[in-house]
Structure formats: structure tokens, C-alpha cells
Amino acid sequence: MKKTDITQLYQEISEQLSAAKDAQALEALRVRYLGRKDGEVTKLVKQLPQMSVEERRTMGPALNTLKRDAEALFSETLERLSGAKKKRAIDVTMPGKKIPVGHLHPLTRVEREIREIFLAMNFSVVEGPEVESEHYNFDALNIPKDHPARDMWDTFWLKTNSKEHQTKRAERLLLRTHTSPVQIRYMEQHKPPFQIIVPGRVFRYEATDASHEVNFYQVEGLMVGKDVSLANFKFVITEFFKRLFKKDIAIRLRPSYFPFVEPGLEVDVACVKCGGKGRLRDGGACTLCKESGWLEVMGAGMVHPHVFEAAGYNPRELQGFAFGLGLERIAMIKYNIPDIRLFYSGDLRFIKQF
Ligand code: PHE
């Protein structure tokens with residue numbers, strides 16, 4: 001036996017293995033070369049004891065290497081063959097991976113629902129800037145400087161570098177505290193009759209708690225014409241709540257005060273949880289309306305003549321109603337949400353419920 005025989009045998013095994021098409025052919029080759037009884041490699045190893053000491057010294061290690069290399073080659077080939085098999089076996093009937101789909105924030109949903117309801121009643125949807133001037137947010141709405149009513153809206157005033165802004169007080173900038181300034185902006189640009197709603201973000205410099213946020217959303221309403229009356233308001237708003245809560249729902253108008261309306265009103269709806277009774281069916285106290293049977297949902301009233309004047313209208317020829325509702329408040333009632341801060345928490349456990 002010569003060393004070249006060993007090299008040749010390895011060569012042969014290697015060629016045979018790369019030609020092997022499947023695991024069965026591979027097993028046959030394994031028996032043929034590495035088989036315990038008659039494997040070619042085994043037979044050579046078995047000849048070792050008959051060799052001279054000299055021969056054994058060179059052939060021994062050479063045969064060991066051959067055996068080890070051949071074994072490695074077999075397991076590599078087995079891996080190749082079974083890997084190829086796995087690749088071929090794509091089960092096209094398996095369901096695909098589900099890609100998680102996002103969905104709308106509860107506030108977006110409620111806002112869109114409100115838009116739809118008013119659009120169906122022939123209202124237009126308009127928007128206005130979040131950074132406002134003192135003029136639109138206050139003065140033009142019959143809230144002059146130093147008027148105590150300004151305390152109703154804790155305001156974020158903006159610092160500005162512009163000389164003009166620092167000197168002309170009327171042009172001081174702020175983050176709008178309500179959507180009412182868009183009433184003025186719209187009337188300056190349009191002739192009545194019209195009816196609009198204004199959804200938008202507003203800001204109040206207040207401490208947050210379960211029912212107050214520093215920023216929140218309002219939907220303003222404004223309808224102006226020759227003879228738009230409080231009766232029209234009552235109809236529109238009753239219809240709105242009926243469509244929003246998908247059932248007949250009693251409303252109540254209470255006298256209130258806002259500088260830009262006269263008379264001013266607060267609108268209540270019958271509590272959606274206890275049906276206006278103040279008590280739940282099991283006799284327990286209704287926590288949603290605090291046993292009053294009513295939920296306060298919006299401020300409203302007949303547009304003040306000063307507001308018409310500020311917008312360039314003649315108050316003797318026109319009248320109209322305005323209202324403002326808090327979007328979060330409506331969503332909290334509709335979905336029984338206990339804390340306004342949840343809307344902005346970014347907590348998926350909350351968001352995913354809608
Ligand atoms: N702008 C008022 C507020 O934010 C709400 C309101 C709007 C009241 C229109 C009357 C009329 O409190």
C-alpha cells in the first residue's frame with residue numbers, strides 16, 4: 001500500500017459524494033467506503049497490523065486522516081442534501097404571516113363621526129390656525145383687554161422677537177384657547193347665510209387632572225342667517241346627539257355666560273349610563289353624571305351683536321347661533337373612558353380597545 005493509494009481513494013470518495021443525488025445514494029456510498037465489514041477505508045485500516053513497523057509509522061496517521069476527512073465529507077453532503085430538500089418543500093397552503101394593521105385613534109374616530117353628522121345636515125367643515133392673535137382669540141369675541149372674562153381661559157402667551165409684536169398689543173400671539181376665533185375669521189371672508197363646524201386643537205395653561213388637559217380638541221359650530229333662531233339651534237343639536245348616540249336622547253338648555261353670545265347657554269344631555277335617572281339598574285349611584293341624571297356637553301348661545309360688528313357684519317340684519325363642544329368629553333361619554341389623560345398616554349393597552 002502506498003500513500004498515493006490513500007490520496008486516490010479520498011479523491012474518489014469526494015467525486016462520488018458530490019455526484020450523490022439523495023440521502024439513499026449517500027447511504028449506499030457510506031456502506032461502500034466506511035462500512036464496518038467491507039468498507040474500502042475500513043479494509044485498508046484492517047491491513048495495518050500486517051504492515052512493518054516502518055510502514056505503519058507513515059500509513060497509520062495517513063489512514064486516520066483519510067477516515068476523519070471522509071467522515072466529515074459524508075456529514076457535509078448529508079447537510080447539503082437535506083438542506084436542498086427543505087428548500088424545495090415550501091407549503092403554499094400555509095397561512096402567511098399576519099402584518100399588524102394600525103387603526104384610528106378614538107379621538108379621530110369621534111371627530112370624523114361628528115364631521116359626517118354635520119356634513120349630512122349641510123354644514124361645511126372649516127379650520128383655523130392654532131397660533132392666534134389676541135385680536136381673534138379675545139378682542140373680536142367681545143372679550144376686551146382687562147375684561148374679567150379673560151380669566152375663563154388660562155392662556156399660553158407666545159414670546160416673540162419681532163419689534164412689531166412687542167409694541168402692538170393687539171397683535172400679541174398666543175395658542176388659541178378655543179376654536180371660537182375661527183368664527184371671526186370665517187365671517188370676515190364669507191357672506192351669510194351659512195353653517196359651519198370647526199374641529200381643532202386648543203390649549204389651556206392649566207393643571208391636568210382626570211378631566212383637564214393642557215391641549216385638547218373642540219368642535220365649534222356657527223350658523224348665521226336672516227332669521228336663524230334658538231329654536232333652530234335646539235333642533236340641530238337634538239338631531240346631532242340623536243345621530244351621535246344612535247338613540248333619542250333628551251337635551252336640556254341652561255342659562256350660562258360667554259362674552260360672545262347673548263343669551264349664553266350650557267347644553268346638557270340625559271346621562272347615557274343611567275338614562276337620566278341618576279341611579280343604575282342595580283340601585284347603585286351613577287358615577288358618570290354624579291347622580292344628577294345630566295351630562296354637560298357644550299357651551300352655546302346666540303351670536304353677540306359685538307361679534308357680528310367685529311367681523312364686519314350688520315347685527316341688525318343678521319342673527320345666528322354658535323356652540324363649542326369638547327371632543328374628549330364626547331368621546332369619554334361615548335366610550336365610557338374615565339380619564340382624559342388616557343387619550344394622550346400613548347398606552348397601547350388603551351388605544352387597542354377601539
Ligand atoms: N368657546 C367656548 C369655550 O371654549 C365655547 C363656546 C363656543 C360657547 C361657542 C358659546 C359659543 O369655552
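Peptides 262-273, 4-15 ranked from most to least packed give 262-273, 4-15, packing being the mean of other C-beta atoms within 10 angstrom over each peptide's residues.
When only alpha carbons are used to place a centre, the stretch 267-309 and the stretch 110-138 end up 22 Å from one another. From the P(r) of the stretch 106-351, can you give the percent of Cα pairs sitting at distances over 22 Å? In whole percent, the share of Cα-Cα pairs in the stretch 106-351 beyond 22 Å is 56.
For the stretch 3-88, the normalised intensity computed at q = 0.13 Å⁻¹ comes to -0.45 (log10 of I(q)/I(0), Debye sum over alpha carbons, equal scatterers, no solvent).
Averaging sequence separations of C-alpha pairs under 8 Å and six or more residues apart, then dividing by the length of the stretch 173-214, give the relative contact order as a whole percent. Across the stretch 173-214, relative contact order equals 42 percent.
Could you tell me which helices of the chain pass both thresholds, a Cα extent of 18 Å or more along their own axis and a mean Kyte-Doolittle hydropathy of at least -1.0, with helices taken as whole DSSP H runs? Helices meeting the span and hydropathy rule in the chain are 3-19, 53-88, 106-120, 230-245. Since only Y335, V272, Y10 are under comparison, the one whose Cα sits farthest along the positive direction of the charge dipole of the chain, derived from C-beta charges on Lys, Arg, Asp and Glu, is Y10. Size descriptor for the stretch 176-251, Kirkwood hydrodynamic radius: 14.6 Å (Cα pairs only, one decimal). The distance between label points at H190 and R36 comes to 9.4 nm (points 7 Å beyond Cα on the Cα→Cβ vector).
Averaged over residues, the count of other Cβ atoms within 10 Å places the peptides 236-246, 132-142, 60-70 in the sequence 132-142, 236-246, 60-70, highest first.
When only Cα pairs below 8 angstrom with a gap of at least 6 residues are kept, the stretch 3-88 shows a relative contact order of 35 percent. The string of couplings for the stretch 247-258 from the Karplus curve (6.51, -1.76, 1.60, θ = phi - 60°) is 6, 5, 9, 6, 10, 9, 9, 10, x, 8, 9, 9 Hz, one whole number per residue in order, with x for Gly and Pro.
Computed on the chain, with alpha-carbon pairs under 8 angstrom and 6+ residues apart, the relative contact order is 15 percent.
Quick note: the coordinates plus some simple rules give every number you see, no bench work behind them. All values derive from a computational prediction rather than experimental measurement. For neighbour counting, all protein chains shown are included, and Cβ atoms are generated from backbone atoms with ideal geometry for every residue, glycine included.
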